[in-house]
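Encoded as structure tokens, the structure appears first; notes follow it.
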Amino acid sequence: MNGFVQFLQLIFTDYTLRTVVLGAAILGLVSGALGSFAVLRRQSLLGDAMSHAALPGVVLAFILTGSKASLTLMTGALIAGWIGAYFALLVVQRTRIKQDSALGIVLAVFFGVGLVLLTWVQRQGFANQSGLDTFLFGRAAALIMADVWTMAGVGGAAVLLILIFWKEFKLLTFDPDFAATLGFPVRFLDVLLTTLIVAAVVIGLQAVGVVLMSAMVVAPGAAARQWTDRLERMVVLAALLGALAGVSGALVSSLTPGLPTGPTVVLSASVLVAISLLLAPNRGLIWGKLRERRSRQRLQSATTLERA
Amino acid sequence: MSPQLEIQLIGVLVAAACALPGVFLVLRRVALLSDAISHSILLGIVVGFFLVGDLTHPLLVLMAAATGVLTVSLVEALIHTRRVKEDAAIGLVFPALFSMGVILVSRYAGDVHLDIDAVLLGELAFAPFSRATYLGLDLPKG
């Protein structure tokens with residue numbers, strides 16, 4: 001118990017731990033809220049594709065400005081990710097290629113270009129280029145307070161926009177054709193919502209990295225979906241579950257030596273999904289099995305009575 | 001045969017081999033399953049390495065293939081529950097497996113073999129480059 005109190009004190013006094021926990025919490029909150037829309041719109045893998053597509057933007061931003069400031073790299077990542085998302089949208093609208101293949105094409109092309117640029121930068125001998133590749137894998141433990149503020153700013157703006165366009169996004173998610181007949185600018189809303197998801201991905205890149213960011217978009221939304229059928233509750237719950245995964249993952253990894261933060265956060269999010277899939281009321285798999293068994297017994301007793 | 005030609009030949013072979021099953025992935029609308037598999041096999045490679053302690057052992061390839069099959073089975077099982085859609089199922093499975101791989105590497109292989117960490121992660125994430133040059137350099141040896 002004493003150790004636990006000491007540990008709680010450490011969260012508020014230890015700079016690194018506090019920064020990482022705060023960063024992970026904000027990341028989970030924002031990506032959970034926006035990820036709900038991605039999951040409902042069957043765009044779960046948008047996060048995966050965009051986190052790869054952001055790479056050329058990160059490297060180009062560094063080449064152009066020579067700075068590795070988190071805001072500079074994030075802006076580059078946001079622009080590249082946004083262009084990638086827009087390409088995917090165009091491909092789906094203008095060709096017969098489906099959403100998943102379009103995302104796959106964008107992912108491969110952009111990531112390839114990013115790697116070419118990254119290799120080129122590394123050969124040019126820029127004095128301070130080392131560490132650019134940490135943007136790929138993420139270094140949550142290397143977050144500083146300035147990064148957290150940037151994340152909070154971008155994430156806060158994204159959440160605010162969701163609140164402003166709540167009704168429109170809700171309509172777009174469930175019935176885009178109806179939204180179009182009502183005269184809503186569906187295309188604009190589609191691009192806006194996609195942009196917000198890209199923004200959520202980009203703020204997480206630095207913390208958990210390219211590969212694991214996709215999990216932070218999908219997992220909280222998929223977990224929250226099991227507990228409720230209402231969008232409001234789902235988005236709030238996804239944000240809370242995301243934050244819970246972020247905080248618990250960051251704490252566990254800080255308690256155990258040699259446990260990297262990003263993967264731990266993803267695993268704790270996966271555990272939350274597993275619990276939700278099994279135990280959530282109504283949609284939980286365990287209750288489903290029980291219901292099945294009970295109705296089979298009822299049917300059996302009914303047919304037995306009929307025969308008798 | 002010059003190394004340049006070897007690298008290009010390997011590229012051609014890999015591309016042709018991937019394009020054939022790729023047709024079915026695209027038609028079944030699970031194109032990103034390939035992305036998922038290519039990430040999650042890290043876990044298989046790491047476990048295989050712990051079993052034999054040798055990065056060039058053929059068991060590593062077998063373990064990687066087994067993890068690939070595991071990935072697809074888990075994705076199919078999740079879709080079968082009808083609680084999540086195809087895209088979400090893919091997005092849930094591979095980050096979890098990949099995370100386990102990364103955690104195993106950094107906990108048990110991080111201090112002992114730093115280069116393995118680089119090979120495993122580097123080769124996976126930098127596949128367009130490292131695989132070609134790595135294999136290209138390796139071929140004359142084997």
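Can you pull the mean other chain C-beta count within 10 Å for peptide B:27-35?
Values: counts 2, 1, 5, 4, 11, 11, 3, 2, 12.
The per-residue average across the peptide is 6.
What are the ³J(HN,Hα) values, in whole Hz, obtained from phi via the Karplus relation 6.51 cos²θ - 1.76 cosθ + 1.60 with θ = phi - 60°, for each residue of segment B:92-101 in sequence order, with x given for Gly and Pro?
8, 6, 6, x, 5, 5, 4, 4, 4, x
Expected output is a single nm value to one decimal: the length gained when fully extending between A:Arg233 and A:Ala274, i.e. 0.36 nm times separation in residues minus the C-alpha distance. What is it?
So the extension gain works out to 12.8 nm.
For chain A, give the magnitude of the charge dipole about the Cα centre (Cβ charges: +1 Lys/Arg, -1 Asp/Glu; no others), in debye to the nearest 20.
960
Short version: ³J(HN,Hα) in whole Hz for each residue of segment A:167-179, in order, from phi by Karplus 6.51 cos²θ - 1.76 cosθ + 1.60 (θ = phi - 60°), x for Gly and Pro, what are they?
Karplus-based 3J(HN,Hα) across segment A:167-179 equals 4, 5, 5, 4, 5, 4, 5, 9, 8, x, 5, 4, 4 Hz.
Taking each residue in A:99-107, count the Cβ atoms of any other chain within 10 Å of its Cβ, then average. What number comes out?
Shielding by partners across A:99-107 averages 5.
Grab every C-alpha pair in segment B:36-100, bin the distances at 5 angstrom width from 0 up to the longest one, and report whole percents.
Result, from short to long distances: 4, 21, 26, 19, 14, 8, 5, 3, 0 percent.
Where is the GNM fluctuation largest for chain A (alpha-carbon springs, 10 angstrom cutoff): A:Ala61, A:Ala49, A:Ala223?
Residue with maximal mean-square fluctuation among A:Ala61, A:Ala49, A:Ala223: A:Ala61.
Once the Cα atoms of segment A:161-308 are picked out, what are the Rg and Dmax in Å?
Cα-based Rg and Dmax for segment A:161-308 come out at 20.9, 70 Å.
Evaluate the distance, in nm, between pseudo-label points positioned 7 Å from the Cα of A:Leu160 and of A:Gln122 along their respective Cα→Cβ axes.
With each label point 7 Å from Cα toward Cβ, the separation is 3.9 nm.
Once both labels are modelled 7 Å past Cα along the beta-carbon direction, what's the B:Leu55-A:Thr13 spacing in nm?
Distance between the two pseudo-spin positions: 4.3 nm.
Give me a single rounded figure for A:184-197: the average over its residues of other chain Cβ atoms within 10 Å of their Cβ. Walk me through the intermediate numbers first.
Details: counts 0, 0, 0, 0, 0, 0, 0, 0, 0, 0, 0, 0, 0, 0.
That works out to 0 on average.
Would you please state which residues of segment A:41-59 a label at A:Val109 would reach in this model, taking the label point 7 Å out along Cα→Cβ and a backbone N cut-off of under 18 Å?
A:46-58
Just how large is the dipole of segment A:215-308 about the Cα centre, in debye to the nearest 20, putting +1 at every Lys and Arg Cβ and -1 at every Asp and Glu Cβ?
520
For segment A:70-82, just list the computed ³J(HN,Hα) in residue order, Karplus coefficients 6.51, -1.76 and 1.60, θ = phi - 60°, integers in Hz, with x standing in for Gly and Pro.
So the Karplus estimates, Gly and Pro as x, are 4, 5, 4, 5, 5, 4, x, 4, 4, 5, 5, x, 5 Hz.
Using only the Cα atoms, what convex hull volume per residue in Å³ does segment B:1-69 have?
Convex hull of Cα atoms, per residue: 101 Å³.
Report the gain in length on full extension from A:Gln297 to A:Asp175: 0.36 nm times residue separation, minus Cα-Cα distance, nm rounded to one decimal.
39.9 nm
Note the full-extension length gain between A:Glu306 and A:Thr65 as 0.36 nm times their separation in residues minus their Cα-Cα distance, in nm to one decimal.
Extending this stretch completely gives an extra 78.6 nm.
Name the shape class, rounded, prolate or oblate, that the alpha-carbon gyration tensor gives for segment A:190-246, where a ≥ b ≥ c are the square roots of its eigenvalues, rounded holds for a/c under 1.5, and otherwise prolate holds if a/b is larger than b/c and oblate otherwise.
Because a/c hits 1.5 or more and a/b fails to exceed b/c, segment A:190-246 counts as oblate.
List the longest stretch of chain A that has no exposed loop site; here a site is one of the trypsin sites (Lys or Arg not before Pro) assigned by DSSP to anything other than H, G, I, E or B, with at most 13 other Cβ within 10 Å.
A:97-229
At 7 Å along the Cα-to-beta-carbon direction for both B:Leu9 and A:Ala146, put a label point, then send me their distance in nm to one decimal.
Modelled inter-label distance: 5.2 nm.
Can you bin chain A into rounded, prolate or oblate? Criterion: square roots of the alpha carbon gyration tensor eigenvalues sorted a ≥ b ≥ c, rounded for a/c under 1.5, prolate for a/b above b/c, oblate for the rest.
oblate
May I ask for the distance between the Cα centers of segment B:58-74 and segment B:1-51, given as a whole number of Å?
The distance from the Cα centre of segment B:58-74 to that of segment B:1-51 comes to 12 Å.
Read the figures in this text as sums done on the coordinates, not as results from a lab. Everything quoted here is computed from the prediction, not taken from an experiment. We place every Cβ from the backbone using ideal geometry, glycine too, and count neighbours over all the protein chains shown.
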